[in-house]
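Written below as C-alpha cells is the structure these notes are about.
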Amino acid sequence: MKDRDPRISELEQYAKTDVDAYKKGDKPTLATHKELGLLFGYSPSHTGILLHQAGIRKERQGARFLLEKLPFPPSQELAWTVGYLSAIGGTAAGREKPTQLKITAKAACPKIPARNKFEQMAKTLLGTTPTITRHAHSDGRTSEVLFVNNKNTVPRLGNLSEKDFVNTFNERYKWIKQDALYGWRFVEGRFEASANCESRNNHEYGIRFSVNDTEFLNFLVDHLKSLGILKPRPYFIHNHQAPHAIGIFNDRDLKLLAINISSTDEGKENFLANLRKIQLTDRQKTPPQKDCKHRWFIDEPNGPTSDAMCKNCGGEKSFRNSEGSVFNYSLTNK
Ligand SMILES: [Zn+2]
C-alpha cells in the first residue's frame, strides 16, 4: 500500500486543534481552507476534500453552527464593547442582516481614539476589522458608517440596540453585574461612546449619559447604583414621558466614577483627572462599608494626612502620611 503523505496527518492534527480551540471560545474564527492549504501545501479545494475524508469538515460545520448561538466568554474587553455598542445603537443580529454590525452616522464614531479602541476590540473579539464607508449627501455633507461583517461571530453579540438591550443583557451578559471590574468597563465603554462632560467655573462638575429608552434608563440607573453611585438622576424630555439622560452631579459620585474609569479621548481624560482631584467635604463623605474588600485611591497629601476613597464602596478614610506613603506605592492610582 502506498505511503500516505505525512502532511495529511499534520493537516488533520492542526485542523482538529483549531476546531477545539474555536469550540472553547479561544479563537474567534476557524482557519479557512485557504489558510490551512497554504500551511500544508494544498489548494483550498483539495484541503476541503482532505478534511471531509477525515470527518473534520463536518465537525467544523457543526462547531460553527453551535457557536453562533453561544455567547462570548466574559472578559473586560467584551464588557467595554457591550457598553460602547449600547450607546451608539449598534444593531448586531438585527432582523434584516443578522450577520452584520452596522454603526451609523455621527453617533457611530464618537472620537477617533475611542473608535480606534473599538476597532481593536472588534478585531480581537469578532475576528474582523471594521470598515468605514463614507456617504456623500446631496447637500455636500458626508456621514460615516462603520461596518463589522462576520457571519460567524457578530450574531454571538446579540442585539445591543437600546430598545432590545435589556433582553439581550439578561440572556447573555448577566456576568457584567457579577464583578465590579466588568461593571465599570461597561460604564467606561458607554462613557467613551456618548457622555457629556460639563463644568461651570472650573468646578460644579457633571456627567450626562444620553438615553432614549425607558427600560434601558432604568437598567442603567440600577447598574450605576450597584457600583456604588448614590444618586444617578434620570431626566425626561420636558412634558414628555420619553427619557433623555442620566446625570451625575454630586462630587462624591463623580469622584467614584472617575477613579474607576479612564478615557482614550484627551478632553474627557482631562475632565476625569479633575474629578479625581476633588476634595470632598466631611458632609459629602461616606463611611467605608464593612463587608468590602477595599481598594484605596489616595489623594495628594493634605497636611499630615491623606484622604482616600475606596474604588469599590466609595467609602472615605484618612491615612497618616507616614502610613500613606507606603500605601501610595503599593496601591495603583489610575
Ligand atoms: Zn470599600
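Nothing in this text is a laboratory measurement; each read-out follows from the coordinates by a stated rule. Bear in mind the structure is a predicted one, so any value in this text is a computation, not a measurement. Heads up, the Cβs are rebuilt from the backbone with ideal geometry, glycines too, and the neighbour counts pull from every protein chain shown.
Each label point was placed 7 Å from the Cα along the Cα-to-Cβ direction; for N302 and K34 their separation is 6.1 nm. Extension gain for N202-S45 works out to 50.0 nm (0.36 nm per residue, less the C-alpha to C-alpha distance).
Past the 30 Å Cα-Cα mark, which pairs from K174/K255; K123/K225; K69/K163; K24/K123; K231/K290; K117/K285?
Details: K174/K255 26 Å; K123/K225 32 Å; K69/K163 21 Å; K24/K123 18 Å; K231/K290 21 Å; K117/K285 35 Å.
Listed pairs above 30 Å: K123/K225; K117/K285.
Summary of the geometry: the stretch 141-165 and the stretch 230-277, compared by the centres of their Cα atoms, lie 26 Å apart. Summarising the amide proton neighbourhood of G315: residues at separation of 5 or more, or on other chains, whose placed amide H is nearer than 5 Å comprise Q289, C310. Quick check on the stretch 159-258: take the gyration tensor over C-alpha atoms, sort the square-rooted eigenvalues as a ≥ b ≥ c, and tell me if it's rounded (a/c under 1.5), prolate or oblate. In terms of gyration-tensor shape, oblate.
For the stretch 238-305, the spread of Cα positions along the three principal axes, ordered from largest to smallest, is 51, 32, 24 Å.
For A273 and Q241, calculate 0.36 nm times their separation in residues minus their Cα-Cα distance, and state this gained length in nm to one decimal. Write out the running numbers ahead of the final one.
Numbers: separation 32, 0.36 × 32 = 11.52 nm, distance 3.51 nm.
Taking 0.36 nm per residue and subtracting the Cα distance, the gain is 8.0 nm.
Rounded to whole Å, the principal axis extents of the Cα atoms in the chain read 88, 58, 34, largest first.
Placing unit charges on the Cβ atoms only, positive for Lys and Arg and negative for Asp and Glu, gives the chain a dipole magnitude near 460 debye about its Cα centre. Sorted ascending by nearby beta carbons within 10 Å, beginning with the fewest, C310, C292 become C292, C310. So what's the Cα pair-distance distribution over the stretch 6-69, bin width 5 Å, in %? All Cα pairs, binned at 5 Å, distribute as 4, 20, 32, 25, 14, 5, 1, 0 percent.
Between the listed residues G228, C313, N170, the Cα displaced farthest toward the positive end of the dipole of the chain, a dipole computed from Cβ unit charges relative to the Cα centre, is found at N170.
Could you calculate the FRET efficiency of N167 with Q284 from 1/(1 + (r/R0)^6), where r is the beta carbon distance between them and R0 is 45 Å, rounded to 0.05?
Working: r = 37 Å, r/R0 = 0.83.
Calculated transfer efficiency: 0.75.
When only alpha carbons are used to place a centre, the stretch 121-140 and the stretch 24-76 end up 26 Å from one another.
Residues M121, M309, arranged from fewest to most other Cβ atoms within 10 angstrom of their Cβ, appear as M121, M309. For K16 and L230, the FRET efficiency from 1/(1 + (r/R0)^6), where r spans their Cβ atoms and R0 equals 51 Å, is about 0.45.
Based solely on its DSSP helices, what 222 nm [θ] is calculated for the chain when runs of n ≥ 4 H residues each add -39,500 (n - 2.57) and the sum is averaged over all residues, nearest 500 deg cm²/dmol?
On the way: 14 runs with 152 residues, N = 334.
Estimated from H runs of four or more residues: -13500 deg cm²/dmol.
What does the charge dipole of the stretch 6-69 about its Cα centre add up to, to the nearest 20 debye, if the Cβ of each Lys and Arg holds +1 and the Cβ of each Asp and Glu holds -1? Working shown, then result.
Details: 11 positive and 8 negative charges, 39 e Å.
The calculation lands at about 180 debye.
Charge tally for T124 (other residues, Cβ to Cβ under 13 Å; Lys, Arg +1; Asp, Glu -1): 0.
Mind checking the full-extension length gain between E59 and I132? Use 0.36 nm per residue of separation minus the Cα-Cα distance, one decimal, nm.
22.8 nm
Taking the Cα centre as origin and putting +1 on Lys and Arg beta-carbons and -1 on Asp and Glu beta-carbons, what dipole magnitude results for the stretch 237-319, to the nearest 20 debye?
Numbers: 12 positive and 11 negative charges, 62 e Å.
With Lys and Arg at +1 and Asp and Glu at -1, about 300 debye.
For Y22, Y84, the sequence from fewest to most other C-beta atoms within 10 Å is Y22, Y84.
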